[in-house]
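The values are calculated or read from the model by the stated rules, or taken from the named source; none is laboratory data. Since the structure is predicted, the reported quantities are computational estimates derived from the model, not experimental observations. Counting neighbours? That spans all protein chains shown, and the Cβs are built from the backbone with ideal geometry, glycine included. Please note that ligands, DNA and RNA were not included when accessible areas were found on the heavy atoms of the full protein model with its side chains. Shrake-Rupley method; radii C 1.70, N 1.55, O 1.52, S 1.80 Å.
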Amino acid sequence: MGGHDRAPDVDAVFRAEYGRAVAVLTGVFGDLDLAEDAVQEAFATAAERWPDTGVPPSPAGWIITTARNKAVDRLRREAARDTKHAQAHLLYPADHPPVEPAEEGPVRDDRLRLIFTCCHPALARASQVALTLRLLGGLTTAEVARAFLVSEATTAQRITRAKAKIRDARIPYRVPSDADLPDRLPPVLAVVYLVFNEGYAAGSGDRLTRDDLCAEAVRLGRLLAELMPDEPEVLGLLALMLLIQARRPSRTDADGALVLLADQDRTLWDRALIAEGQELVRRCLRRDRPGPYQIQAAVNAVHSDAATAGETDWRQIVALYDQHMRVAGSPVVALHRAVAVAEVDGPAAGLALVDGLDLDGYHLWHAVRADLLRRLGRTGEAAAAYDAAIARAENATERAFLERRRAALGADGG
Amino acid sequence: MKQYLLAMYQPVGPRPPAEFLEKVMAELGAIRAELEARDSWVFGNGLHDPDSATVLRASDGDVLMTDGPFAEGKEYLGGVTVIKAEDLDAALAWARRYAEATGLPIEVRPFLGEA
C-alpha cells in the first residue's frame with residue numbers, strides 16, 4: 001500500500017517512516033496539512049534522487065530534514081504573498097511556539113501524539129479510522145476508501161472535515177495525561193482493532209487491500225506496544241491480533257471459502273506469531289490488570305495451545321469468558337461464553353444461554369443458535385435460524401459459509 | 001486562548017421541581033465561580049422559553065417578523081455560556097461539568113479566531 005510508482009527502497013522507507021515524519025513535522029509546524037504535503041514532497045524528491053544516489057544512511061532523517069526545509073520554503077513563500085494567510089494556517093500562532101505541555105505523560109514520541117489526535121473522542125469513529133490510516137499509515141484517500149468500501153469522495157470529505165475540526169476546535173496535539181488515559185486509550189485501541197477486523201473479514205472488497213489492512217493494524221499495534229509498554233491492554237490488543245493473524249493461512253480454503261476453527265489445518269498456523277502472541281499474553285498475566293483485549297488474547301492463546309480441536313481446553317476458555325463478563329460484560333461476550341459452555345456442558349446448556357440473549361439483529365447470534373439446534377437434531381429450527389443468520393450477514397464469505405451449512409442440514413431442513 | 005460556546009439544550013415540557021432546580025442553580029453558580037477565578041469566564045445566562053422569541057427575515061427590501069422560535073423542535077436552546085480555554089480538551093472538561101450538573105446535552109463550538 002502507500003503507492004505503486006515508488007522504487008522498492010523508497011517504498012520500504014515510506015511504509016516504515018511516513019507516520020513518524022508527518023508526526024514530527026506536525027509537532028514543529030502545528031499544521032497537519034502542511035506536514036502532510038511537505039512529507040509527500042520529500043518522498044517525491046527521494047523517489048527522483050535515490051535511484052541515482054542510493055538510499056542515504058539515515059533515510060528517516062533525510063526525509064524529515066527535506067520535508068522540514070520544504071515546509072519552511074512554503075511558509076516563506078506564503079508569508080511573502082500574504083502574511084495573514086500563512087498565520088491562519090497554523091494551529092498555534094507564531095508568537096506562541098508549540099511547547100511540550102507540562103501535563104504530558106512520560107512518553108514523548110510524536111507518533112503517539114499524532115495517534116491520540118487522530119483518535120480524539122470528539123471525532124466520529126469513521127473519521128478517526130480514516131485519519132489514522134492516512135496520517136500514520138500513509139494510505140492514500142483512494143486506498144482508505146477502497147478498504148472500507150466507501151466512495152473516495154466520502155472518504156476525502158471525512159478526512160478534510162476531521163482535519164478542519166482539529167484545527168478549528170483546536171484539538172490538542174499531545175499525549176493525554178495519565179489521569180485522562182483511561183478515557184483516551186480505548187478509542188485508539190478500538191480504531192486499530194477495527195482496522196484489523198476490517199482486514200480480517202475476508203471476501204468483501206479488494207482482497208489484497210484487505211491483507212494490507214491487517215498488516216497495517218499489526219504495525220500500529222506494534223508501534224503502540226513499543227510506545228506504551230506499561231499499558232497491558234495495548235499489549236493485549238497486539239497479542240490478540242498476532243494470535244488471530246497466525247491462523248490466517250488456514251482460515252479459508254483454496255477457493256476462498258471460510259473454514260471453521262475446529263476444521264482448520266493447524267499445521268498451517270504461523271508458529272512465530274503464536275509464540276510472540278503467547279509471550280505477550282504471559283506478560284499481561286504477570287501485570288494482573290485484566291481487560292477485554294487481554295482476555296480475548298488469552299482465549300486465542302488457549303486455542304493456539306491445542307494441537308487438535310479436540311484437545312482445546314474449553315473449561316479454561318469458559319473461565320476466561322467468566323472473567324470477561326466481570327470486567328466488561330456485554331451480550332456479545334455472553335454469546336461467546338455460551339459457545340464455550342456448549343463445548344463443556346453440551347449444546348442444550350449452550351442453547352439455553354443463547355436463547356436468553358437479546359441479539360436478534362446480530363447474524364452470529366442466529367448462526368450460533370443454528371449450529372446448536374443442528375447438534376440437538378432440531379433440524380427444522382436450525383434451518384430457520386440459518387435463514388435468519390444469512391439474511392443479516394453482510395459479508396459475502398460468511399454468507400456463503402452459512403448457506404453451505406444450511407444446505408448440509410439435508411432434506412428435513414428444507 | 002480560544003473562545004468556546006457551550007450551548008445547553010432543554011427538552012420541551014414541564015419544568016423540573018423547584019428543589020431540583022435549586023440544586024442545579026447552586027452547582028452552576030459554583031462552576032461559574034471557578035471559571036471566573038481562572039479568568040476563563042466570558043459570559044453566560046439562561047434564556048426565556050422559545051415562546052418569547054421573535055424571528056426577523058429580510059426579503060425584497062422588506063423585513064418579515066414572526067412570533068415564536070426559528071425552528072420548532074423537541075429540544076430548544078435553554079442557555080449559553082461562553083468560556084476561554086487553551087484547547088478543546090480544556091473546553092470539554094468544563095462542558096462535562098455543565099452536562100453533569102444539569103443532566104442536559106451540551107454542545108461545544110469554537111468561535112472563530114483567538115480570544
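Worth pointing out:
- Efficiency of FRET from Cβ geometry, B:Leu47 and A:Arg161, R₀ 25 Å, rounded to 0.05: 0.25
- Using every pair of distinct Cα positions in the protein assembly as shown, the Kirkwood expression returns a hydrodynamic radius of 26.9 angstrom.
- J(HN,Hα) series, the stretch B:29-45, from Karplus relation 6.51 cos²θ - 1.76 cosθ + 1.60, nearest Hz, glycine and proline x: x, 5, 5, 4, 4, 5, 4, 5, 4, 9, 6, 10, 7, 10, 6, x, 5
- Using alpha-carbon coordinates, inclination of helix A:8-29 to the longest axis of chain A, degrees: 70 degrees
- Here is the interface size for A with B: some 900 Å² of accessible area buried, both sides summed, with a 1.4 Å probe.
- The equivalent ellipsoid of the stretch A:315-359 has semi-axes of 16, 14, 5 Å, largest first, where each one is the square root of 5 times an eigenvalue of the Cα gyration tensor.
- The protein assembly as shown - percent of accessible surface contributed by carbon and sulfur, probe 1.4 Å: 53 percent
- Springs between Cα atoms under 10 Å define the GNM used for chain A, and in it the highest mean-square fluctuation of A:Gly277, A:Gly346, A:Gly236 occurs at A:Gly346.
- Angle between chain A longest axis and helix A:207-227 axis [Cα atoms, degrees, rounded to 10]: 70 degrees
- If you run the Gaussian network model on chain B, springs between alpha carbon atoms under 10 Å, then out of B:Glu75, B:Glu19, B:Glu27 the most flexible one is B:Glu19.
- Whole-angstrom gap from the stretch B:60-97 to the stretch A:142-193, using each part's C-alpha centre: 26 Å
- Taking all protein chains as they are arranged and a probe of 1.4 Å, the heavy atoms of A:Trp269 leave approximately 10 Å² accessible to solvent.
- Loop-located trypsin sites (Lys or Arg not before Pro) in the stretch B:53-95 (DSSP state not H, G, I, E or B) with no more than 12 neighbouring Cβ atoms inside 10 Å: B:Lys74.
- Estimated vicinal HN-Hα couplings, Hz - the stretch A:358-369 in sequence order (Karplus 6.51, -1.76, 1.60; Gly, Pro = x): 9, 9, 4, x, 9, 4, 5, 4, 5, 5, 5, 4
- Solvent-accessible heavy-atom area per residue, rounded to whole Å², over chain B at 1.4 Å: 67 Å²
- Residues with amide H under 5 Å from that of A:Thr252, placed H, sequence gap 5 or more: A:Val259
- When you count the other C-beta atoms within 10 angstrom of each residue and take the mean per peptide, B:92-101, A:137-146 line up highest first as A:137-146, B:92-101.
- Contact order normalised by residue count of the stretch A:315-359, Cα under 8 Å, 6+ apart, percent: 37 percent
- Mean Cβ count within 10 Å, highest first, over the residues of peptides A:160-170, A:187-197, A:48-58: A:187-197, A:160-170, A:48-58
- Relative to the longest principal axis of the Cα atoms of chain A, helix A:32-53 runs at roughly 80 degrees.
- Relative contact order for the stretch A:8-88: 31 percent, from Cα pairs under 8 Å spaced at least 6 residues apart, divided by residue count.
- For the peptide A:171-179, the mean number of other protein chain Cβ atoms found within 10 angstrom of a residue's Cβ is 2.
- A:Phe148 accessible area, assembled protein chains, probe 1.4 Å, Å²: 40 Å²
- Working from Cα pairs under 8 Å separated by at least six residues, relative contact order for the stretch A:369-414 is 40 percent.
- With 40 Å² as the minimum drop in accessible area between chain alone and full protein complex (1.4 Å probe), the qualifying residues in the stretch B:78-94 are B:Glu86, B:Asp87, B:Leu88, B:Asp89.
- Within straight-line reach of A:Lys165, meaning a Cα separation under 18 Å, sit the following lysines at least 8 residues removed in sequence or on another chain: B:Lys2, B:Lys84.
- Centroid-to-centroid, using Cα positions, the stretch A:243-296 and the stretch A:10-42 are 33 Å apart.
- Annotation: per residue accessible area for the stretch A:229-312 equals 44 Å², rounded to a whole number [probe 1.4 Å, protein chains only].
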